[in-house]
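K.L.:
My questions all concern the structure below.
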Amino acid sequence: MNEHNGLINDALDSKLKRCNAPLHILDTSTETYGCRYGNPDGCVKCYLEGVCAFVRKDKICQSPPWSWAKRYLLLKLAGENEGNVYESKEI
């Protein structure tokens with residue numbers, strides 16, 4: 001494997017870890033703790049005051065990827081199946 005392929009693999013691994021990380025107690029179906037974008041720089045709201053996790057003091061992203069709601073449910077179900085029960089802000 002050459003150096004270029006290694007860098008690509010590292011970037012893909014980082015993306016997968018960020019997108020599929022276990023749920024944080026502050027994650028909901030409409031907000032995430034931290035950024036869940038595979039490529040944060042591609043987000044039109046990246047670094048937008050009051051919206052982006054990178055600039056908010058509480059590290060909450062108020063505009064997660066459109067696919068987040070489905071991923072949230074899948075991660076929540078996976079956590080419950082493993083015995084991890086996450087309490088979210090949602091009622």
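Here, each number is a calculation from the coordinates, and none is a lab measurement. Just so we're clear, the structure is a prediction, and the values are computed from it rather than from any experiment. Here Cβ is always computed from backbone atoms with ideal geometry, including for glycine, and neighbour counts include all displayed protein chains.
K.L.:
Using θ = phi - 60° and the Karplus relation 6.51 cos²θ - 1.76 cosθ + 1.60, list the HN-Hα couplings for segment 38-51 in order, rounded to whole Hz, with x at every Gly or Pro.
P.N.:
Those phi angles translate into x, 9, x, 5, x, 6, 5, 9, 4, 6, 6, 3, x, 10 Hz.
K.L.:
While we're looking at this one, here's another question. Taking H placed 1.01 Å from N in the peptide plane, check which residues at least 5 places from ILE60 or on another chain put their amide H under 5 Å from its amide H.
P.N.:
Amide H neighbours of ILE60: GLY34.
K.L.:
Please work out the Cα center distance from segment 25-54 to segment 60-74, rounded to the nearest Å.
P.N.:
If we compute the Cα centre of each part, the gap is 9 Å.
K.L.:
How far apart, in nm, are the 7 Å Cα→Cβ label points at ASN20 and GLN62?
P.N.:
The two pseudo-label positions are separated by 3.1 nm.
K.L.:
How large is ³J(HN,Hα), in whole Hz, for each residue of segment 67-80 in order, when computed from phi with the Karplus curve 6.51 cos²θ - 1.76 cosθ + 1.60 and θ = phi - 60°, using x for Gly and Pro?
P.N.:
After applying 6.51 cos²θ - 1.76 cosθ + 1.60, I find 7, 4, 4, 5, 5, 4, 4, 5, 5, 5, 4, 4, x, 5 Hz.
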